[in-house]
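First, the structure itself, so that you have it in front of you.
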Amino acid sequence: MSGISKSRFAMPMTESCPGATPNGRSIRSRRCFSWSRASSERAQQHRRNQASLARLSDAKRGLSSRPTHAEVVAALTFGFWSTLTVGERAPTIWNPILHRAFPKGTGRARVHGLVTSVVKFRNRLAHNEPVFSTRTGLENRLAEVRVLFELIDPDAYFYVAGHSTLGAALDSCPISGLTSATGID
């Protein structure tokens, strides 16, 4: 270890990274730079958190000076919720908090897939894009909406399902196969 700095940062780098120079610049092992990757991930998480806080502030704008939780939730965009279920947010949002909003054993990836799909479907509807075709699979999209709705609030889901006339409206579609992705009823 002659010629190697005895600082607390250089010692661990040289011990765990064979071939390191005293300044640590010639190291090629990924393990040696894990601190850099962790720092980058923290910076990325910080940017996501700042963006989420900005969205929350935007949602509060136009509401009363002391908005209720329900008012803020209602003012948030649908896309906001999909950012809460991305994999990078698992340690900070899903694991400690958000998983409790779903039935035990419901995986974050499953929820994220459903939320992302429902957001895309909602955007198609909002922009008046066609949802009745053999390529878009209206029935598949509606099934994803139902599954997500049931995961979020089973009681509300069963109430709405029991009173909905959507199934009857789809059944009365005069063009056979128009509501399914395969084109076959």
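Which residue pairs have Cβ atoms under 6 Å apart, sit 6 or more places apart or on different chains, and have a first residue in the range 128-151 that is within 15 Å of residue 170 (Cα to Cα) and a second that is modelled with pLDDT of 80 or more and surrounded by fewer than 16 Cβ atoms within 10 Å (Cβ to Cβ)?
131/124
Exactly one condition in (1) of a type outside the set (A, V, I, L, M, F, W, C); (2) at pLDDT 90 or above; (3) surrounded by 12 or more Cβ atoms within 10 Å (Cβ to Cβ) is not met by residue 165; state its number.
Going through (1) of a type outside the set (A, V, I, L, M, F, W, C); (2) at pLDDT 90 or above; (3) surrounded by 12 or more Cβ atoms within 10 Å (Cβ to Cβ) one by one, residue 165 breaks only (3).
Quick check: is even one residue across the range 47-56 in contact with an Asp or Glu (Cβ under 9 Å, 6 or more places away or on another chain), among the charged types (D, E, K, R) and either under 24 Å from residue 169 (Cβ atoms) or assigned to a helix (DSSP H, G or I) (or both)?
yes
Further, regarding this structure: Pairs, please: C-beta under 6 Å, at least 6 apart or cross-chain, first residue free of Cβ contacts under 8 Å to residues at least 12 places away in the same chain and over 13 Å from residue 132 (Cβ atoms) and in the range 157-175, second of a type outside the set (S, T, N, Q) and surrounded by 11 or more Cβ atoms within 10 Å (Cβ to Cβ)?
So the pair list comes out as 157/149; 157/150.
The values are calculated or read from the model by the stated rules, or taken from the named source; none is laboratory data. Please read all numbers here as calculations on a predicted model, not as lab measurements. Here Cβ is always computed from backbone atoms with ideal geometry, including for glycine, and neighbour counts include all displayed protein chains.
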